[in-house]
1. Using the charge dipole of the stretch 1-102 (Lys, Arg: +1 at Cβ; Asp, Glu: -1 at Cβ; taken about the Cα centre), state which of Thr2, Ala38, Val97 has its Cα farthest towards the positive end.
2. Pick out, from Ile85, Gly124, Leu191, the residue whose Cα sits farthest towards the positive end of the charge dipole of the chain, with +1 on the Cβ of Lys and Arg and -1 on the Cβ of Asp and Glu.
3. Regarding the stretch 39-136, what whole-number volume in Å³ per residue does the convex hull of its Cα atoms give?
4. So, in nm, how far is label Thr126 from label Glu13 when the simple model puts each one 7 Å beyond its Cα toward the Cβ?
5. Going through the cross-link list Lys54/Lys74; Lys47/Lys140; Lys25/Lys122; Lys16/Lys178; Lys4/Lys47, which pairs have a Cα-Cα distance over 19 Å in this structure?
6. Figure the gain on full extension for Asp197 and Arg220 (residue separation times 0.36 nm, minus the Cα-Cα span) and round it to one decimal in nm.
7. On full extension of the chain, what length is gained from Ala172 through Asp61, given 0.36 nm per residue of separation minus the C-alpha to C-alpha distance?
8. Work out the P(r) tail for the stretch 69-224: percent of alpha carbon pairs separated by more than 29 Å, whole number.
Amino acid sequence: MTIKEEIAKITAELPKGVRLIAVSKFHPADAVMEAYEAGQRLFGENKVQEMVAKQEVLPKDIEWHFIGHLQTNKVKYIAPFVAMIHSIDSLHLLTEVNRQAEKVGRVINVLLQIHIAHEETKFGMTFDECRALLNEGTWKQLNHVRICGLMGMATFTDNMEQVDGEFAGLQAFFEELKGNWFADDTAFKELSMGMTDDYPIAIRHGSTFVRIGTLIFGERNYNK
Ligand SMILES: *Cc1c(COP(=O)(O)O)cnc(C)c1O
C-alpha cells in the first residue's frame, strides 16, 4: 500500500477520541508531504535537528510532536513551534521547557514519560519517580508548560500478554493521577501509547494518541 492508502486505512479504523501521530523519523520530507496530502497533520519525530529541518520546509499547519529523548540544551530549538513534547522524564527537563516556552511567549503542551517496559534501554520515569515529581510541587508554578497526560512504550516482544499488562498498568497509573494531582485539571486527558506492532492493544487500554511509523512509511534505514 502507498503512504496515502495506509493513512486512510488506519485513520478510518481508529475509534473516536484516538488520534494518529505519523512517526516520520528517518524518512524524508517528501514522505511527510505524501502523508500530508492524505490529510495527515500530526507528525512525530525523535531528533531535534531532524524535526527542525523538516519544520522549516513543510507546511506550517503541521502539528509537530516530539517523541524522543530530549536533552535540555536542545529544547530551545523546538520551543518556538513544537505542538507537544511526549518525553518529559525529569523536573529538570520540565523546568527548561517552561523557561524556553516563556522566552518565546508560549505555553507548551507536554506529557510525562513513564517507563513501563521491562527493558533497560527505554527512557522514562518509574511510577514512584513520577509521584515524587508531582508531590514535590514545583511543577504547579511552571505556567508555560501544560501537563496533558502520560506517554509510555511497551517492551519490544512477541509476548502480547506482557504488552497488554504494561499498557494496563499505564492506564491504571493515568487514572491514579487523574484522581489525585489532576482532579481539577481538564487538560490532563491524553494517553500516548501504541506503535506499529501494538497499537490495537494500546487502544483497548484507553490510548488517545497512537504513534505509528513503520506501518505507514515502511522500514527505517538507520544507515543512511
Ligand atoms: C519510532 C517510534 C515510534 C514508531 O514506531 P513504529 O514501530 O515504527 O510504529 C513510536 N514511538 C516512539 C517513541 C518512537 O521512537
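Any read-out appearing in this document is the output of simple, stated calculations on the displayed coordinates, not a laboratory observation. These figures come from a predicted structure and were not determined experimentally. Positions of Cβ are backbone-derived with ideal geometry, glycine not excepted, and every protein chain shown enters the neighbour counts.
1. Val97
2. Value: Ile85.
3. 113
4. Using points 7 Å along Cα→Cβ, the separation is 3.7 nm.
5. Long pairs (Cα-Cα over 19 Å): Lys47/Lys140; Lys16/Lys178; Lys4/Lys47.
6. Here the segment from Asp197 to Arg220 would lengthen by 6.8 nm.
7. That pair, Ala172 and Asp61, stretches by 36.6 nm at full extension.
8. 18
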